[in-house]
Amino acid sequence: MESQREELVNNEFLETTFRPKEWVIQKIESMIETLLFDIANKRPPVINSVSNKKRKEYHSRYDSKSGILRRKNNDLSNKQIRFLSPKTSKTFAIMIRILDICHELLVQNATATKRDIYYKDVKLFGNPQTVDLIIDELACLFRIPRSCLNVIASSKGLVAGSLKLFQNNRIVLDCLPTNDQDIATRQLVKKLGDLRRPYETYPFLQILGFFDNDPYGIEILCVYKFGSSAKSFDNENLATPSIKWLGLRYSDRKKIPRSSLIRITTADRKKAYHLLQRDYLQVKWRVEICRMLYIGYKAEIQSLCDEENGNLLKYLKSKMRLFVTPLH
């Protein structure tokens, strides 16, 4: 026990570890046994969990060594969910219900998405976001990826192309996704970024990101590259530090008809100012944001979709030549 405390103090960031289902089952059962023991001894049951405040930046910090956002390893974000407290009694019930569902999934060797779990008890959960929050809390509390709870992500990304992934003895056809930063897409991009081809001239795959030239497009790029504050405890399995920004950039606007440019909104400006406050943002990215704010216009990928002139295809070909060196 003393060695565990020393390890907690010495480690600056929280680390997640893939655990076998037997370990997770035992963890859940031990947690429930503790609550039952308190009830049997006429003590109000309390769940010791981790805090997920609305501003998740309090929990995370940029790790220059790994190049991603990571969850701080401290006790300041711990919280107690009390059964008898008017403020936390419903949260207590929701957490017990989700623990029960995850335990059942693990025992039956089954999987479910957060929406699957939500529809098991709509009246109690209220909305899918509540389920997502509690699952994240449990994963962070146990220091495991969400997948170890047998909760899988719903895929929103579009895939197309010549790529085969061999997983669990089954062939899965996948490829470059769209710019939606859902968990399943981020996991796929991370796996592709980590792939190593020992017999190739270029052993690692190059991951190129193509996003709108607006604050929200840059935010999505940041989520792929550094990870999100919301999932900072598991960004080692989600973030792809090697991703390179293909475009759209300010310099690309000469390829876009002026009539296709869109005036930035108040929300865009707010998001841009928020991005500029991040000390880990590269100088070149900051310049892009500042130029955008100064000009007052943004550009979306759709502005290049001129079928008659083939602008989008021409653009991608010209940009990719800057990143890919042909083999000789």
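The values are calculated or read from the model by the stated rules, or taken from the named source; none is laboratory data. This one's a predicted model, so the numbers in the text were calculated from it and none came from an experiment. Here Cβ is always computed from backbone atoms with ideal geometry, including for glycine, and neighbour counts include all displayed protein chains. Keep in mind that these areas ignore ligands, DNA and RNA; they rest on the heavy atoms of the full protein, side chains included. Shrake-Rupley method; radii C 1.70, N 1.55, O 1.52, S 1.80 Å.
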### Query
For SER60, which sequence-distant residues (separation of 5 or more, or a different chain) have an amide H within less than 5 Å of its own amide H, given hydrogens modelled in the peptide plane?
LYS72
## Note on the structure
Which of LYS65/LYS270; LYS72/LYS271; LYS271/LYS298; LYS225/LYS255; LYS21/LYS120; LYS120/LYS231 exceed 18 Å between C-alpha atoms? The answer is LYS65/LYS270; LYS72/LYS271; LYS225/LYS255; LYS21/LYS120; LYS120/LYS231
### Cα-based convex hull volume of the stretch 17-139 per residue, rounded to whole Å³
139 Å³
### Message
Could you sort the peptides 59-72, 287-300, 137-150 by per-residue average Cβ neighbour count (10 Å cutoff), highest mean leading?
### Response
137-150, 59-72, 287-300
### Summary
Along the stretch 237-251, Karplus-curve 3J(HN,Hα) (6.51, -1.76, 1.60; θ = phi - 60°) to the nearest Hz, with x for Gly and Pro, reads 9, 10, 7, 10, x, 7, 4, 10, 7, 6, x, 5, 10, 4, 5
### Task
May I ask you to give the solvent-accessible area per residue for the stretch 12-133, in square angstrom, as obtained with a 1.4 angstrom probe?
62 Å²
### Query
Taking amide hydrogens as modeled 1.01 Å from N in the peptide plane, which residues meet the under 5 Å criterion relative to LYS244, leaving out close sequence neighbours?
ILE207, LEU208, GLY209
### Query
Given H placed 1.01 Å from N in the peptide plane, which residues other than close sequence neighbours of LYS79 have an amide H under 5 Å from its amide H?
SER49, VAL50, SER51
## Note on the structure
On the accessible surface of the stretch 198-302, probed at 1.4 Å with all protein chains in place, carbon and sulfur together account for a percent value of 55 percent
